[in-house]
Amino acid sequence: MSDRIFSFSIYCISLIVVAAFVWIISDVVLKGYSLVSWDFIVSEPEDAGRGGGIAPILVSTLWVLLIALVIALPLGIATAIWLAEFSRSNTGAVHIGTALDVLAGVPSIVYGLFGNAFFCIYLGLGYSILSGGLTLACMILPVFIRTCESGIRAVNSDWRLGGIALGMRRSVVVWKILLPAAKPAIIAGLVLSIGRATAETAALIFTSGYVDRMPESMFDSARVLAVHIYDLTMNVTGGDQAAYGSALILIVLIIVLNALAQSLLDSWFRRSEYS
Amino acid sequence: MLSKASYTQLGSKLDVVVSVVLSVLSFLCAALLCLILWFLISESWTLIASGQWQRFFLDEGWYPLEGLYAMTPMIVASLALTLGAVLIALPIGLACAIYLEFYARGLPKKAFRSLLNLLAGIPSVVFGLWGLTELVPLIAAIKAPGTSVLAGAIVLSLMILPTVALTSAAALSGVNRNTLAGAHALGFTQKTMIIAVAIPSARSGIISGVLLSTARAIGETMVVLMVAGNVVQMPDSLFAPVRALTSNIALEMAYALGDHRASLYASGLLLTLIVWLLAYLASYLNEKSRVFARV
């Protein structure tokens with residue numbers, strides 16, 4: 001009998017979790033849906049964001065994300081390759097690995113403090129898209145590196161030896177065999193990074209700032225979507241409706257970007273397979 | 001069998017160049033850690049160096065404009081919020097993990113797993129928005145003002161739930177199948193097998209997942225900033241509005257100068273140290289559980 005009660009409560013709790021999830025998602029979709037239209041996406045915010053749209057905010061979000069990825073992707077893949085394939089003196093690699101794990105645990109608000117002190121003030125970039133993007137790059141690097149590294153390490157050793165036996169150079173083996181084989185891990189790392197970077201708020205409040213005008217260059221201060229949602233909810237009375245619209249756009253944006261990243265990487269790897 | 005040493009020998013000039021360039025880039029990435037630590041310490045140095053750090057615990061309150069920097073209420077608030085979140089998320093997450101590993105089959109199992117993954121992908125600011133507009137009014141109906149330790153703990157627990165559930169499920173699936181079969185053969189019911197055999201064997205994996213999510217909860221800013229109320233005070237009940245360390249940084253960075261700014265960097269340093277300690281414990285336990293699994 002008590003066995004049945006136990007099973008019953010396990011099913012109940014799982015159902016409650018499903019219900020909570022449905023509650024959150026339906027809340028955002030239902031309250032956001034009425035507001036979202038093409039006009040909302042392409043017009044400027046009015047009245048502190050209560051009316052109008054989110055065009056400049058969307059543009060700023062994409063700029064900040066682009067800068068973060070342009071910096072973090074090459075650097076991350078390079079480090080992952082070195083850690084997995086070239087690091088012969090193992091102590092150095094172990095230390096770097098530990099440093100990355102430690103970095104992965106640093107709270108995002110602390111990245112914000114660091115970004116403010118280093119990029120905004122020390123390097124003199126001020127509150128700008130560039131400061132925000134660089135801060136985010138620092139934040140997503142450790143997780144991205146670790147995911148790619150484990151993917152490259154997991155490639156079957158026979159493939160490496162096969163490549164060497166055919167007289168390929170080590171770097172060619174990495175480029176032509178290992179990276180395409182590690183594609184799923186690289187995509188997973190990219191998806192994780194895009195999700196974290198697009199959703200990030202705390203690290204950006206005092207690096208890229210609050211200004212909701214259309215950015216004219218990388219050195220302009222700009223407001224990203226997540227900060228916009230925060231500002232509408234907390235500092236603008238009557239901003240809830242617009243906040244829900246922006247929240248819906250943010251979630252859809254993350255999904256679209258992930259799909260895009262996946263198909264881009266797919267086609268890039270397909271080309272390198274046949275060349 | 002080709003040895004690792006002979007494989008790692010670099011063939012050509014190109015390989016040497018590539019290796020050197022990559023190693024320089026890797027060291028740059030690792031140097032980021034030193035850079036972050038350096039800036040945290042140097043920005044808060046004026047307060048740490050002169051022994052004034054004791055004031056974080058001894059001052060009479062948090063009145064930065066009058067030069068009083070007592071962080072104790074905020075440290076206690078952070079700990080209370082985190083503890084509450086873990087207390088809610090642990091039993092629920094464990095139940096989800098048991099459902100995934102022992103009850104669900106086929107499509108429901110797949111669907112539930114991806115639901116947990118989706119939950120993990122919802123931006124924290126959206127959790128905050130939902131908490132503030134849906135959950136807080138419900139709590140306010142019981143006792144005003146609604147923004148409180150309880151609201152913060154509930155929303156935080158939803159945020160860390162996927163981590164607790166998925167790491168626990170991984171730990172449970174790592175339990176030796178023969179052990180479970182043995183329990184069945186001894187006539188244990190499903191319930192006894194799970195509670196008395198599976199969970200104790202997966203203990204360190206589960207605890208390590210909980211520690212990781214504790215670290216995440218204590219470092220989380222947006223949720224506590226939006227639903228916990230932001231009043232600097234010692235929490236005296238579940239319904240008291242409080243301000244956590246992280247939300248304090250987010251609220252005051254915009255106008256902090258001098259010692260005030262230094263105190264915010266010091267609280268950032270403190271947060272980082274707490275999180276590292278938790279992450280270290282988690283990885284230690286994880287290592288231990290792997291050793292056990294091998295035996």
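The values are calculated or read from the model by the stated rules, or taken from the named source; none is laboratory data. Please read all numbers here as calculations on a predicted model, not as lab measurements. As a convention, Cβ positions derive from the backbone with ideal geometry for all residues, glycine included, and neighbour counts pool all protein chains shown. Side chains included, ligands, DNA and RNA excluded: accessible areas come from the protein's heavy atoms. Shrake-Rupley method; radii C 1.70, N 1.55, O 1.52, S 1.80 Å.
Just checking, how many residues over region A:221-235 are assigned to a loop (DSSP other than H, G, I, E, B) and either of a type in the set (Val, Ile, Thr) or open to solvent by 10 Å² or more (accessible area, probe 1.4 Å) (or both)?
Of region A:221-235, the ones assigned to a loop (DSSP other than H, G, I, E, B) are A:221-224, A:235.
Narrowing the set further to residues that are either of a type in the set (Val, Ile, Thr) or open to solvent by 10 Å² or more (accessible area, probe 1.4 Å) (or both) leaves A:221, A:223-224, A:235.
Residues in region A:221-235 being assigned to a loop (DSSP other than H, G, I, E, B) and either of a type in the set (Val, Ile, Thr) or open to solvent by 10 Å² or more (accessible area, probe 1.4 Å) (or both): 4 in total.
The helices (runs of 4 or more DSSP H) located wholly in region A:45-131 that include 2 or more residues which are closer than 23 Å to A:Asp220 by Cβ and of a type in the set (A, V, I, L, M, F, W, C) occupy A:55-81, A:108-115.
Every condition in (1) more than 13 Å from chain A (Cβ to nearest Cβ); (2) open to solvent by 10 Å² or more (accessible area, probe 1.4 Å); (3) over 24 Å from B:Ile199 (Cβ atoms) holds for B:Leu135 except the one numbered (1). One residue alone among B:Ser114, B:Ser208, B:Ser124 is open to solvent by less than 10 Å² (accessible area, probe 1.4 Å) and either among the small types (Gly, Ala, Ser) or within 14 Å of chain A (Cβ to nearest Cβ) (or both), and that residue is B:Ser208. Scanning region A:148-205 for residues being of a type in the set (S, T, N, Q) and open to solvent by less than 30 Å² (accessible area, probe 1.4 Å) gives a total of 4.
Among all positions in region A:51-63, there is at least one residue which is more than 30 Å from A:Val143 (Cβ to Cβ) and free of Cβ contacts under 8 Å to residues at least 24 places away in the same chain.
Within region A:120-140, can you find the residues that are at the interface with chain B (Cβ under 8 Å from one of its Cβ atoms) and within 17 Å of the chain's Cα centre (by Cα)?
Matches in region A:120-140: A:Cys138 only.
Going through region B:124-173 one residue at a time, which ones are among the hydroxyl-bearing types (Ser, Thr, Tyr) and either in a helix (DSSP H, G or I) or within 21 Å of the chain's Cα centre (by Cα) (or both)? Scanning region B:124-173 gives B:Ser124, B:Thr133, B:Ser148, B:Ser157, B:Thr163, B:Thr167, B:Ser168, B:Ser173. Only a single criterion out of (1) of a type outside the set (D, E, K, R); (2) open to solvent by less than 60 Å² (accessible area, probe 1.4 Å); (3) more than 12 Å from chain A (Cβ to nearest Cβ); (4) over 16 Å from the mean Cα position of the chain (by Cα) is not satisfied by B:Ile194, namely (3). Within region A:1-32, the only residue that satisfies the criterion of being over 21 Å from B:Ala95 (Cβ atoms), surrounded by fewer than 17 Cβ atoms within 10 Å (Cβ to Cβ) and of a type in the set (Gly, Ala, Ser) is A:Ser26. Scoring B:Thr167 on the criteria (1) open to solvent by 20 Å² or more (accessible area, probe 1.4 Å); (2) closer than 30 Å to A:Val252 by Cβ; (3) β-branched (Val, Ile, Thr); (4) within 13 Å of another protein chain (Cβ to nearest Cβ) leaves a single failure, condition (4).
Does A:Gly195 meet the test of being part of a helix (DSSP H, G or I), farther than 30 Å from B:Leu40 by Cβ and either in contact (Cβ under 8 Å) with a residue 12 or more places away in the chain or over 13 Å from the mean Cα position of the chain (by Cα) (or both)? Spell out the reasoning first.
Numbers: part of a helix (DSSP H, G or I): yes; farther than 30 Å from B:Leu40 by Cβ: no; either in contact (Cβ under 8 Å) with a residue 12 or more places away in the chain or over 13 Å from the mean Cα position of the chain (by Cα) (or both): yes.
Judged against the criteria, A:Gly195 is not a match.
Note on region B:1-54: residues that are assigned to a helix (DSSP H, G or I), within 9 Å of another protein chain (Cβ to nearest Cβ) and modelled with pLDDT under 75 total 3.
Yes/no per residue for (1) assigned to a helix (DSSP H, G or I); (2) surrounded by fewer than 21 Cβ atoms within 10 Å (Cβ to Cβ); (3) within 13 Å of chain B (Cβ to nearest Cβ):
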residue	(1), (2), (3)
A:Phe219	no, yes, no
A:Thr237	no, yes, yes
A:Ala242	yes, no, yes
A:Leu264	yes, yes, no
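Is it true that A:Leu35 is farther than 30 Å from B:Ala95 by Cβ and outside any helix (DSSP H, G or I)? Taking the combined requirement at face value, the residue satisfies it. Quick check on A:Ala80: is it among the small types (Gly, Ala, Ser) and in contact (Cβ under 8 Å) with a residue 60 or more places away in the chain? Here the answer is yes, as A:Ala80 does meet what is asked.
Taken together, the criteria place A:Lys183 among residues that are on the phi < 0 side of the Ramachandran plot and either under 19 Å from the mean Cα position of the chain (by Cα) or away from every other protein chain (no Cβ under 14 Å) (or both).
Could you tell me how many of the residues in region B:64-88 are out of contact with any Phe, Trp or Tyr (no Cβ under 8 Å at 6 or more places or on another chain) and modelled with pLDDT under 85?
In the first step, residues of region B:64-88 are kept if they are out of contact with any Phe, Trp or Tyr (no Cβ under 8 Å at 6 or more places or on another chain); the result is B:64-67, B:75-88.
Retained after the next criterion (residues that are modelled with pLDDT under 85): B:64-67.
So the count comes out to 4.
Taken over region B:88-111, the criterion of being of a type in the set (Ser, Thr, Tyr) and either surrounded by fewer than 19 Cβ atoms within 10 Å (Cβ to Cβ) or in contact (Cβ under 8 Å) with a residue 24 or more places away in the chain (or both) is satisfied by B:Tyr103 alone. Within region B:212-231, the residues that satisfy the criterion of being under 30 Å from B:Leu281 (Cα atoms) and more than 11 Å from chain A (Cβ to nearest Cβ) are B:Ser213, B:Thr214, B:Ala228.
Is it the case that some residue within region B:235-244 is among the aromatic types (Phe, Trp, Tyr) and surrounded by 16 or more Cβ atoms within 10 Å (Cβ to Cβ)? Break it down stepwise before answering.
So the first thing to find is which residues in region B:235-244 are among the aromatic types (Phe, Trp, Tyr), and the list is B:239.
Next, only the ones that are surrounded by 16 or more Cβ atoms within 10 Å (Cβ to Cβ) stay: B:239.
The answer is yes; a qualifying residue exists.
Annotation note: Cβ proximity below 9 Å between a residue of region B:29-46 that is closer than 19 Å to A:Ala93 by Cα and open to solvent by 50 Å² or more (accessible area, probe 1.4 Å) and a residue that is assigned to a helix (DSSP H, G or I) and of a type in the set (A, V, I, L, M, F, W, C) (sequence gap 6+ or interchain) occurs for B:Cys34/A:Ala99; B:Leu35/A:Phe114; B:Leu35/A:Phe118; B:Leu35/A:Cys138.
Within region A:96-119, if we keep just the residues that are open to solvent by less than 10 Å² (accessible area, probe 1.4 Å) and more than 8 Å from chain B (Cβ to nearest Cβ), the residue that is nearest to A:Arg213 (Cα to Cα) turns out to be A:Gly115.
For (1) under 30 Å from B:Asp259 (Cα atoms); (2) touching a helix residue (DSSP H, G or I) at 6+ places or on another chain (Cβ under 8 Å); (3) of a type in the set (A, V, I, L, M, F, W, C), each residue gets a yes or a no:
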| site | (1), (2), (3) |
| --- | --- |
| B:Val18 | no, yes, yes |
| B:Ile36 | yes, yes, yes |
| B:Asp59 | yes, no, no |
| B:Trp62 | yes, yes, yes |
| B:Ala70 | yes, yes, yes |
| B:Met74 | yes, yes, yes |
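Restricting region B:138-162 to residues that are open to solvent by 40 Å² or more (accessible area, probe 1.4 Å) and of a type in the set (Val, Ile, Thr), which is nearest to B:Ala228 (Cα to Cα)? So the residue we want is B:Ile154.
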